[in-house]
Amino acid sequence: MSSTGTDDLYQLRSGDSWRSPWADYRRLRDAAPVHRVPNPEKGDFYVLSRFDDVFNAARDTTTYSSAKGLTPDPDGASMFSDDARPIVMMDPPDHTAMRRLVSTSMTPRKVMAIEDSIRAFVDARLDRVAELGDCDIVEELFKPLPSFVVAHYLGVPASDREKFDRWTNTIVAATASESFESAMDAFMELFAYGDELIERRKTEPGDDIVSGLVEAGPDVASPGWIIGFVFTMVTGGNDTTTGLLSGAAELLTKHRDQRALLLEDPTRVRSAVDEFLRVTSPVQNLARTTTDEVTLHGVTIPNDTKVMLLYGSANRDEREYGDDADELDVLRQANRNLSLGYGAHHCLGAAVARLQAGVALERLLDRFPDFAVDHEVGRFAPGAFVRRYESMPFTTSS
């Protein structure tokens, strides 16, 4: 199937254009499952929108490489030196070796150790929400929660978390808008802090990821790579969880029947997190680079060409999920879901993200079973890859 005549079907989104991309995704899946996007300045790239195609590409790191960055920009990885390349921009076997270093503290079993801390944090924030009555739920809970968790895993002391949160908020906003100059001070302060943290962990090791990397030694994990990993955790572990939680709050406001099922049996909340992930797809798309010529659906993608994997479309593909793929069904048992990646690049913090969402939604529904958000007034954050609200009016009762 050719993409001829469909040049207007896909564009990089940002801000309010994220509000409802779903109809455009359906048109892509039906008319141009392999869609060429002309880009005279940076080079054309292609978009895959059907579940099977995105699923297969996500697992095939040999043909679809991450080493040249995850954006359509062919020079997307050039800002990183080899010894500071983020793990998300590595391919196996290097990726496998580095992932092994940092994954042990994020297994589902180990992640459960932080559940009580997450619950206490959420309850404290919801106490404040109760006092306010009406508030911006993103500012009060959905943004602070992942920052708290990221700081925990990096071993940031409680005394430093206020400034860590400030750097995190600034860097996440700058990364989303690709306006790095606006956050240069925060970048430099975070990198300097990372250096200090590495030095501190040499003599004061803790039960955190940075300590583990320092213990592995500079021949295995250089200081530059550790700083790069801190940056990856900050940018990858924050706005995605915010996107999941803000999207879930919107869905629970829109679909009272689905909320009723969770209120009827709160033990359903944890198992429903994957359905919220599927429908919201916080990471809407990321790119790979072909290492060989690929032909799909009659379209040939040249070697060394950027290919955008459209997770947000794949997760609503009727071919995989049935005719109600666009609908929220908190009882759905879907075996495959691309919101946290798949294969070698399955999200390192998947268990942490699920736990945060499960606890936050459980406590939110328990404390404010009749809450409502005004998603029409809610404002979407800039950025072409993560779909998230940066503000969302909230009231404790509708």
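At a glance:
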| item | result |
| --- | --- |
| Complete set of residues in region 104-131 that are in contact with a strand residue (DSSP E or B) (Cβ under 9 Å, 6 or more places away or on another chain) and surrounded by fewer than 19 Cβ atoms within 10 Å (Cβ to Cβ) | ARG128 |
| Only listed residue being touching an Asp or Glu at 6+ places or on another chain (Cβ under 9 Å) and either surrounded by 17 or more Cβ atoms within 10 Å (Cβ to Cβ) or more than 24 Å from ARG354 (Cβ to Cβ) (or both), chosen from PHE187, PHE191, PHE148, PHE164 | PHE148 |
| In region 200-220, residue modelled with the lowest pLDDT [restricted to those that are more than 12 Å from SER105 (Cα to Cα) and aliphatic (A, V, I, L, M)] | VAL220 |
| Qualifying residue in region 391-398 (condition: surrounded by 20 or more Cβ atoms within 10 Å (Cβ to Cβ), within 25 Å of ARG259 (Cβ to Cβ), out of contact with any Asp or Glu (no Cβ under 7 Å at 6 or more places or on another chain) and hydroxyl-bearing (Ser, Thr, Tyr)) | no |
| Unmet requirement for GLY206, which otherwise passes all of (1) outside any helix (DSSP H, G or I); (2) within 26 Å of GLY341 (Cβ to Cβ) | (2) |
| Residue ranges of helices (runs of 4 or more DSSP H) in region 39-141 with at least 1 members within 19 Å of the chain's Cα centre (by Cα) and of a type in the set (Lys, Arg) | 51-59, 94-103 |
| Out of SER222, SER246, sole residue that is hydroxyl-bearing (Ser, Thr, Tyr), surrounded by 16 or more Cβ atoms within 10 Å (Cβ to Cβ) and either closer than 18 Å to MET89 by Cβ or touching a Pro at 6+ places or on another chain (Cβ under 8 Å) (or both) | SER222 |
| Cross-chain or 6+ apart pairs with Cβ under 6 Å, region 39-52 first and within 30 Å of ASN337 (Cβ to Cβ), then among the aromatic types (Phe, Trp, Tyr) | VAL47/TYR10 |
| Residue list for region 305-341, restricted to those being in contact with a strand residue (DSSP E or B) (Cβ under 9 Å, 6 or more places away or on another chain) and assigned to a helix (DSSP H, G or I) | TYR311, GLY312, SER313, ALA314 |
| Conditions (1) within 18 Å of ARG388 (Cα to Cα); (2) crowded, with 18+ Cβ neighbours inside 10 Å: number failed by HIS345 | (1) |
| Answer residue from region 28-38, given it is under 21 Å from TYR321 (Cβ atoms) and assigned to a loop (DSSP other than H, G, I, E, B) and is nearest to the chain's Cα centre (by Cα) among those | PRO33 |
| Subset of region 361-379 [out of contact with any strand residue (DSSP E or B) (no Cβ under 6 Å at 6 or more places or on another chain), surrounded by 15 or more Cβ atoms within 10 Å (Cβ to Cβ) and assigned to a loop (DSSP other than H, G, I, E, B)] | PHE368, PHE371, HIS375 |
| The listed residue being buried (at least 21 other Cβ atoms within 10 Å of the Cβ) and acidic (Asp, Glu), out of ASP329, ASP317 | ASP317 |
| Residue match in region 144-154 (condition: of a type outside the set (S, T, N, Q), free of Cβ contacts under 8 Å to residues at least 24 places away in the same chain and part of a helix (DSSP H, G or I)) | yes |
| Criterion: within 30 Å of ASP60 (Cβ to Cβ) and either surrounded by fewer than 24 Cβ atoms within 10 Å (Cβ to Cβ) or among the β-branched types (Val, Ile, Thr) (or both) - qualifying residue of ASP274, ASP265 | ASP274 |
| Top-ranked residue of region 304-333 - restricted to ones that are in contact with a helix residue (DSSP H, G or I) (Cβ under 9 Å, 6 or more places away or on another chain) and hydrophobic (A, V, I, L, M, F, W, C), ranked as farthest from LEU252 (Cα to Cα) | VAL307 |
| Given (1) modelled with pLDDT under 85; (2) touching a Ser or Thr at 6+ places or on another chain (Cβ under 7 Å), number of the condition ASN39 does not satisfy | (2) |
| Number of the exception - ASN335 against (1) without any contact (Cβ under 8 Å) to a residue 24 or more places away in the chain; (2) surrounded by fewer than 19 Cβ atoms within 10 Å (Cβ to Cβ); (3) in contact with an Asp or Glu (Cβ under 7 Å, 6 or more places away or on another chain); (4) not hydroxyl-bearing (Ser, Thr, Tyr) | (3) |
| Residues of region 238-265 satisfying the condition of being of a type outside the set (A, V, I, L, M), part of a helix (DSSP H, G or I) and farther than 14 Å from SER281 by Cα | THR253, LYS254, ARG256, ASP257, GLN258, ARG259, GLU264 |
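The values are calculated or read from the model by the stated rules, or taken from the named source; none is laboratory data. Given the structure is predicted, the values throughout are model-derived calculations rather than measurements. Don't worry about glycine lacking a Cβ; one is built from the backbone with ideal geometry, like all the others, and counts go over all protein chains shown.
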